[in-house]
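Please treat every number below as a calculation from the coordinates, not as lab data. Computed from a predicted structure; not experimentally measured. Backbone-built Cβ (ideal geometry, glycine too); neighbour counts: all protein chains shown.
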Amino acid sequence: GGTGEESRVEYEEEVRPGSVHFSEVPRLHVPSRIEGATLIAEGDVVCSSDVYHSHVLAAGDIIIKGWCSHAIVVALGSVELPSAIYSHILASMEIRLGKEARFSTLQARGIAAENAIVFGGQLVAADRIVVRQLRWAFGDHGAVLSIGTPYLQQLEQQYWRTQLQELRERLQELQRTLGQLLQQRRSHGSEQVRQLQQEYWQLYEQLQQLEQRSYGLGTRKPVIEVRENVPSDTIVAIHGVVYRVPSELIAVRFSSDGMRIALESLPEVSGTPPDAEAT
């Protein structure tokens, strides 16, 4: 076989409870439960059992076949798992969630959870989120579905707005000073003008960076789809535009034109499991 076949070969290693385990193999298979441990892998990771109170970091993809509870999972590729309970799951590419997420934060380029039920927590994607159903989590806030800047960061944006405002004011001040200096046209002003121009462009670049940081941009048209129930008080945020769902919705797609959130009904999905019907 070629190199592609070699990279699919799984190297089996145990991760002892409470340990810090480094793996340099292209594809690591962990047959038993990872508990209270930190696993850092240079390739892909396949966990056949549960990940509990642990950190799993991989330069490739991560597949978890058991429960994932009170864990932090970070992959530079994609993450595939049946459930996330009180966990943080971050992936550079895609998160594929099979069954459920409870009080967890999932953050990736795209989130594919078309068969999963999400209780509370936060789903953050660069351009696409698809979920089967959202449910109220007792004693918790409704779920937050966010494209672009995470909603919690949006709540903190008062800080960024203040920063932006201060930068804008400093730029205006610099522009005024530059204008005055250029009007005077004094010979000794030229060095000052150069310095000010330099400072002006530095500030201008800073301003642009801040604005990009405030509103992370995805590539495709952002879409959030929920195939079944969306409870009231669910928060939908797309690139800084925030919408709180006023009353329960069924089968809906959310998108944004940059000014407001638009809602449209989803066509009926064929082959919907019978237990998914409203009772």
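Each residue of segment 230-242 was assigned a 3J(HN,Hα) from its phi angle through the Karplus expression (A = 6.51, B = -1.76, C = 1.60, θ = phi - 60°), giving 10, x, 4, 6, 5, 10, 10, 10, 10, 6, x, 8, 10 Hz with x at Gly and Pro. Fewest neighbouring Cβ atoms within 10 Å first, the residues T177, T234, T105 line up as T177, T105, T234. If the chain linking L57 and Q197 were pulled fully straight, counting 0.36 nm for each residue of separation and taking away their Cα-Cα distance, it would gain 45.9 nm.
Here's how it looks for A116: its modeled amide H is under 5 Å from those of R132, Q133, which are all 5 or more places away or on a different chain. Comparing H29, A75, F103 along the charge dipole axis of segment 1-121, the residue lying farthest to the positive side is F103, per the Cβ-charge model.
Label separation (E24 vs L181): 5.5 nm, computed from points 7 Å beyond Cα along the C-beta direction. Rounded to the nearest 20, the size of the Cβ-charge dipole of segment 1-141 about its Cα centre is 620 debye, with Lys and Arg at +1 and Asp and Glu at -1.
Does segment 1-78 come out rounded, prolate or oblate, given a ≥ b ≥ c as the square roots of the eigenvalues of its C-alpha gyration tensor, rounded meaning a/c under 1.5 and, failing that, prolate meaning a/b above b/c? Before the final figure, lay out the partial values.
On the way: a/c = 1.88, a/b = 1.77, b/c = 1.06.
Prolate, since a/c reaches 1.5 and a/b exceeds b/c.
For segment 165-173, putting each phi into the Karplus relation 6.51 cos²θ - 1.76 cosθ + 1.60 with θ = phi - 60° gives couplings of 4, 4, 4, 4, 4, 5, 5, 4, 4 Hz, in residue order, rounded to whole numbers and with x for Gly and Pro. Each of R244, R8, R27 was scored by other Cβ atoms within 10 Å of its Cβ. Listed from fewest to most, they are R8, R244, R27.
Under 5 Å between amide hydrogens, built in the peptide plane, is the criterion, and for G240 it picks out T149 among residues at least 5 positions away or on other chains.
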